[in-house]
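Below is one structure, written out as structure tokens; comments come after it.
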Amino acid sequence: MTTAPEVPALTELLDNAPTNWGKWGPDDEIGSLNYLTAEQVITGASLIKKGALFTLQRLIGDPKGDPVWPGRSPATREMILDESHWDEGGDGPAFPGGLHYADDKINAFLQGSTQYDALGHVWYDGKIWNGYDARTTIGGLDKASVEPIAERGVAGRAVLLDMARFRGVACLGPRETYDHTDLEKCAQAQGIQIKPRDILIIRTNHLELFFQQGEKFYDDFCEPGLVYSPELVEWFQAREIPNLVTDTIANEVTTDPNNGVALVLHNALMRNLGVAFTEICDLEKLAADCADDGVYEFFYVAAPLKIHNATGSPVNPVVIK
Ligand code: UVW
């Protein structure tokens, strides 16, 4: 995606935008996840009331297709060893006692399914999260990779903000936007408050259109989502939001309708404030349960895979109510 000449550069658009750089020291690599203290974990766990579990990962290798950011390809799984390898003349290894086993492998973009972005995943102006030099990304993220997030794990109180239901639609369409004031209104309609340090989970059900339309989904690709304003960024910073979780591929409106810039919030929230991004979640079962019991606040726990120097990692977040 190239920047058209009439579109402002991120350096210009986000000139003087707030950052949390240095707030947790010069070596920090987990950013706003620092807000998830032991107290937050205990507060979150205290919301477990009925012992219901919801896993938020989308199926990798879904026979109906895997939605991915344009330019990435869905994961492919290859069978390496199965019973056919022990057919006559086959190459199945011979083990004492006659053991047979199955093996397979996947070839996958680390950002190609439900995933945590590393804080160093995006940048502008030659600097990534906490002010590290963008050249530290060359050949692998030496700074702010997904590894420290994976090492730490994520747990705390989370709220579901069901924007599709709030707007009375099955799913939000391309280019639809909402901001922090809409999130507050949605929370109010659901009978909850967004509290400081809450993990925000926003449902759009937009990817339903991918499953309905197939490849046509990408023809005019502009996902719905949060839209940048200085006030929205201040809201995230003042509320100390640690983690933004959504069911879209990139967590925000793809191209900002106000200025034409792509993925502004990846930069204003992730690069500048250190907000962790969790993308491509499947929120449907959780949302149905919340609509049913009217409980939109719960315990959230997740840990991406520990992959050295990686820009992101698949994850299967778990909500417990
Ligand atoms: C990009 O940053 C391009 O995408 P995502 O954060 O969705 O992986």
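Below, the figures for the structure above:
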| item | result |
| --- | --- |
| Of all residues making up segment 204-242, the number that are within 24 Å of N316 (Cα to Cα), among the acidic types (D, E) and open to solvent by 10 Å² or more (accessible area, probe 1.4 Å) | 2 |
| One residue from R135, R72, R58, R152 being closer than 18 Å to T311 by Cβ and within 16 Å of the ligand (Cβ to nearest atom) | R72 |
| Residues that are out of contact with any His (no Cβ under 6 Å at 6 or more places or on another chain) and assigned to a loop (DSSP other than H, G, I, E, B), drawn from segment 297-321 | A303, P304, L305, K306, I307, H308, N309, A310, V315, N316, P317, K321 |
| Among the residues listed as I194, I106, the single one being more than 14 Å from the ligand (Cβ to nearest atom) and within 21 Å of P67 (Cβ to Cβ) | I106 |
| Subset tally (residues that are away from the ligand (no atom under 12 Å from the Cβ), assigned to a loop (DSSP other than H, G, I, E, B) and of a type in the set (G, A, S)) for segment 223-254 | 1 |
| Test: residue in segment 286-301 that is surrounded by 18 or more Cβ atoms within 10 Å (Cβ to Cβ), among the β-branched types (V, I, T) and in contact with a Pro (Cβ under 8 Å, 6 or more places away or on another chain) | no |
| Selection status of L160, modelled with pLDDT of 95 or more and touching a Leu at 6+ places or on another chain (Cβ under 9 Å) | yes |
| Residue that is nearest to L172 (Cα to Cα), among those in segment 276-301 that are within 16 Å of the ligand (Cβ to nearest atom) and touching a helix residue (DSSP H, G or I) at 6+ places or on another chain (Cβ under 7 Å) | F277 |
| Which numbered condition Q188 misses (of (1) free of Cβ contacts under 8 Å to residues at least 40 places away in the same chain; (2) assigned to a strand (DSSP E or B)) | (2) |
| Residues of segment 254-285 that turn out to be on the phi > 0 side of the Ramachandran plot, hydrophobic (A, V, I, L, M, F, W, C) and crowded, with 24+ Cβ neighbours inside 10 Å, as a count | 1 |
| Which numbered condition V245 fails, given (1) of a type outside the set (G, A, S); (2) surrounded by fewer than 23 Cβ atoms within 10 Å (Cβ to Cβ); (3) closer than 24 Å to W24 by Cβ | (2) |
| Considering residues of segment 155-178 that are among the charged types (D, E, K, R) and closer than 21 Å to R197 by Cα only, the residue nearest to the ligand (Cβ to nearest atom) | D162 |
| In segment 255-275, residue nearest to the ligand (Cβ to nearest atom) [restricted to those that are assigned to a loop (DSSP other than H, G, I, E, B) and free of Cβ contacts under 8 Å to residues at least 40 places away in the same chain] | D256 |
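The values are calculated or read from the model by the stated rules, or taken from the named source; none is laboratory data. Every value quoted in this text rests on a predicted model; they were computed, and no experiment measured them. Cβ sites come from the backbone with ideal geometry, for glycine too, and all protein chains shown count toward neighbours. We work out accessible area using only protein heavy atoms, side chains counted, and drop any ligands, DNA or RNA first. Shrake-Rupley method; radii C 1.70, N 1.55, O 1.52, S 1.80 Å.
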